[in-house]
């Protein structure tokens, strides 16, 4: 499975690819990204690009809300949905394109999870490192692993998907 990371502007002009699903992430208060017609599957998520420890997160939230911005934090339900999409894509031998506004933080976190847990090949069309990926997204996604989700096993210091059928999750 291959996961490509793009930003919002790149996605607006990208032609649909065969056997490729899209995970589209946008910011609360903004319209979802405009994508060209013809993608096999598009899953949309709306959450703020906020990361840090709990006190930092609360400061971000307070500052953004004071400026009139709507805030939606990435949560366990969204993490579960993304995990299920990636697991099903791997099972059905689909590739994934994930994007957010800049293609640096939220989408890179999803791609990192796909690489480290599902063994996906990641190609970033924005930056060449995931060192800036959103920590809150990473924590929620990997917490699913740490909570001993069925099918994930430790392998040489990382976690890998070891089940054949995502219905077994």
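Over the chain, what is the mean sequence separation of C-alpha contacts under 8 Å (at least six apart), divided by residue count, expressed as relative contact order in percent? Kindly include the intermediate steps, with their values, before the conclusion.
On the way: 308 pairs, mean separation 50.8, N = 169.
30 percent.
How much FRET efficiency would the formula 1/(1 + (r/R0)^6) give for residue 46 and residue 123, where r is the Cβ-Cβ distance and R0 is 22 Å, rounded to 0.05?
0.35
Bin width 10 Å, alpha-carbon pairs only: give the P(r) of region 63-102 as whole percents, running from 0 to the bin holding the largest distance.
23, 36, 26, 13, 2
Subtracting the Cα-Cα distance from 0.36 nm times the residue separation, let me have the gained length for residue 12 to residue 143 in nm, one decimal.
43.9 nm
If neighbour count is taken as other Cβ atoms inside 10 Å, put 31, 95 in order from fewest to most.
Going from sparsest to densest Cβ surroundings: 31, 95.
Among 11, 58, which comes first, then next, by fewest other beta-carbon atoms within 10 Å?
58, 11
What does DSSP give for the chain in terms of the percent of beta bridges that are antiparallel, rounded to the nearest 5?
15
Debye sum, Cα scatterers, region 1-90, no solvent: what log₁₀ I/I(0) at q = 0.10, 0.15, 0.26 1/Å?
-0.33, -0.69, -1.36
Would you calculate, for the chain, the mean residue ellipticity at 222 nm contributed by helices, counting each DSSP H stretch of 4 or more residues as -39,500 (n - 2.57) and dividing by all residues, to the nearest 500?
Here the helix-only value at 222 nm equals -11000 deg cm²/dmol.
If you split all Cα-Cα distances of the chain into 5 Å bins from zero, what percentages do you get per bin, shortest first?
1, 9, 18, 21, 21, 15, 9, 5, 1, 0
Taking the highest mean first, how do the peptides 126-133, 137-144 order by number of other beta carbon atoms within 10 angstrom per residue? Present the calculation step by step, with values, prior to reporting the outcome.
Numbers: 126-133: 14.5, 137-144: 20.0.
Ranked by mean Cβ neighbours within 10 Å, highest first: 137-144, 126-133.
So how far apart, in nm, are the two label points at residue 75 and residue 88 if each is 7 Å from Cα heading toward Cβ?
Taking the simple label geometry, residue 75 and residue 88 are separated by 2.1 nm.
No lab work stands behind these numbers, since they all come straight from the coordinates. Model, not experiment: these values are computed from the prediction. Using ideal geometry, Cβ is built from the backbone for each residue, glycine included, and neighbour counts are taken over all protein chains shown.
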